[in-house]
Amino acid sequence: MESIRPLLFIAVLAHLVLLGAAKHPHIIFIVADDLGWNDVGWHNDQMFTPNLDKMASRGVILNSSYVQPVCTPSRNCFMTGYYPFHTGLQHDVIHPSQPGYLPANFTTLPQKLKQLGYATHIVGKWHLGFCNWKYTPTYRGFDSFMGYYNGAEDYFTHVRENGYDFRFNKSVHHPQEGEYSANVIAARAVEILDSVDPVRDQLYLYLPFQSVHAPLEVPERYENIYANISTKNRRTYCGMVSALDEAVGNITTALRDRGFMDNALIVFTTDNGGPTYEAANNLPLRGAKTTLWEGGTRGASFVYSENLLQKTGYTNSEMIHAVDWFPTLLTLAGGKPDAGMDGVNQWPTVSSGAPSARSEFVYNIDDISKNAAIRVGQYKLIEGSPGHFNGWTPLPPLAASDMVNASFPKHQLFDLQADPTEHHNIASDHPHVVSKLLDRLSFHKATMVPANNPRADPASNPQNFGGNWSPGWC
């Protein structure tokens, strides 16, 4: 018996060491693509999203969580903690044939987390450049990558324009023929969970889903949930949202079954507002994807954890921006953000409802489109055109005449506390507020780097790479 006691002590000590190693939480960061404000069940009871709704209602619904107007800039924020106008990615998205990229001198969140001992994995959409291998996920801090480089590819064939776009790490990968993208992503996520020890290891799982970006495609059984909707595009789009919800449910079930949920934080956000001309719905917010209106930049979002949040089951209206996730998650993981980063640590706000760590943020500064927007406190100032959509009603699909820049005053000022749907431009009534916000905007403009918006390069042609969108041409 005496000889057993030292062994028992060693076993207990080893177990405590393992528990100590896992004291920092697993982080699961889920990004929906082009999800409208009114396209989730906690905003619209006509939407069937039971898995997302359950987490949102039991976690913290983020009512003032801001993103960029389009895909690439938001992903830049998540990955770097810097505004796009500080990385050159403030204009539009990176198109397949453009040699654009997230600059290599920016250290990414997964790179920082790897230094802290995290296993880091990405499944889904990259959209931060791929013309050179050094700009691709496994060179930017991820242990593994399964997904695609571009956007707007087919959900079943993974083809974009004239090229195939799906990878497993560096290799071209062909999922089972006919399998829907959301299911492919969920299956790979579960596979990753099976490879990680929830007690010994620490996991950062980044899940930027393809859903619910165009093209509008979904298995019929999901579309049938919305048989009461007569508009084909809207019916399909809603089915895509429900397919996304089911995929997320499969992942969270696996997290729970495998013991991750005891020490996990789940973040859910869209990357921008919904493109309403393709049947998304941002009501009651004004505008849509590609615009600086709230409908393009205020994202449906929540956080969920079973043990890490001090205050749950409510809606948090404190100001949070996409750049804040980097320092917030890094701090939670035991790291320290670099000085001078645009993002700020919002963990006290997210976890306990403390006042936001910021009183202002920049929506964007685009030196090509010649527009910008900033919020300071309750006031929002838009300089130049808000974008390519003017209106509140998303259906029926907009006429072509509605999709061009309308004539707008040079400056528009909104009191978002009194007028969250931006119906009333009060710039002429409050010139002193306009002046104050213009001064802040000028301060930020002085730090802007020029937008990197290169011309398409024919060297990118997939025919040069066996029919695949591939690195190796810049």
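Only helices (runs of 4 or more DSSP H) whose full extent lies in the range 32-149 are considered here, and the ones with at least 3 residues that are more than 17 Å from the chain's Cα centre (by Cα) are 50-58, 109-115.
The listed residues are Glu179, Glu220, and the only one of them that is free of Cβ contacts under 8 Å to residues at least 40 places away in the same chain, open to solvent by 40 Å² or more (accessible area, probe 1.4 Å) and under 19 Å from Asp33 (Cβ atoms) turns out to be Glu179.
Is it true that Glu153 is modelled with pLDDT under 95 and either in a helix (DSSP H, G or I) or of a type outside the set (Gly, Ala, Ser) (or both)? The answer is no for Glu153. Based on what the data block shows, is Thr72 β-branched (Val, Ile, Thr), more than 19 Å from Tyr204 (Cβ to Cβ) and open to solvent by less than 10 Å² (accessible area, probe 1.4 Å)? Spelling it out, Thr72 is indeed β-branched (Val, Ile, Thr), more than 19 Å from Tyr204 (Cβ to Cβ) and open to solvent by less than 10 Å² (accessible area, probe 1.4 Å). In this structure, Ala247 does satisfy being at pLDDT 95 or above, under 26 Å from Ala119 (Cβ atoms) and open to solvent by less than 60 Å² (accessible area, probe 1.4 Å).
Quick grid of which residues meet (1) under 18 Å from Glu294 (Cα atoms); (2) of a type in the set (A, V, I, L, M, F, W, C); (3) modelled with pLDDT of 95 or more; (4) in contact with a Cys (Cβ under 8 Å, 6 or more places away or on another chain):
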{"residue": "Ser401", "(1), (2), (3), (4)": "no, no, no, no"}
{"residue": "Pro409", "(1), (2), (3), (4)": "yes, no, no, no"}
{"residue": "Gln412", "(1), (2), (3), (4)": "yes, no, yes, no"}
{"residue": "Pro420", "(1), (2), (3), (4)": "yes, no, yes, no"}
{"residue": "His430", "(1), (2), (3), (4)": "no, no, yes, no"}
{"residue": "Lys436", "(1), (2), (3), (4)": "no, no, yes, no"}
{"residue": "Phe443", "(1), (2), (3), (4)": "no, yes, yes, no"}
{"residue": "Pro450", "(1), (2), (3), (4)": "no, no, yes, no"}
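Of all the listed residues (Ala264, Ala288), the sole one being farther than 20 Å from Thr72 by Cβ and touching a residue at least 60 places away in the same chain (Cβ under 8 Å) is Ala264.
When the range 211-230 is filtered for residues that are of a type outside the set (Phe, Trp, Tyr), touching a helix residue (DSSP H, G or I) at 6+ places or on another chain (Cβ under 6 Å) and not in a loop (DSSP other than H, G, I, E, B), the ones remaining, listed by number, are Glu223, Ile225. If you check His411, His423 for being of a type outside the set (Val, Ile, Thr) and surrounded by 11 or more Cβ atoms within 10 Å (Cβ to Cβ), only one passes: His411. When the range 265-316 is filtered for residues that are among the polar types (S, T, N, Q), within 30 Å of His91 (Cβ to Cβ) and out of contact with any Cys (no Cβ under 7 Å at 6 or more places or on another chain), the ones remaining, listed by number, are Thr269, Thr270, Thr276, Asn281, Asn282, Thr290, Thr291, Thr297, Ser301.
The values are calculated or read from the model by the stated rules, or taken from the named source; none is laboratory data. Computed from a predicted model, the values in this text were never measured in an experiment. When we count neighbours, we look across all protein chains shown, and the Cβ atoms used for this are built from the backbone with ideal geometry, even at glycine. Calculation scope for accessible area: heavy atoms of the full protein, side chains included, ligands and nucleic acids excluded. Shrake-Rupley method; radii C 1.70, N 1.55, O 1.52, S 1.80 Å.
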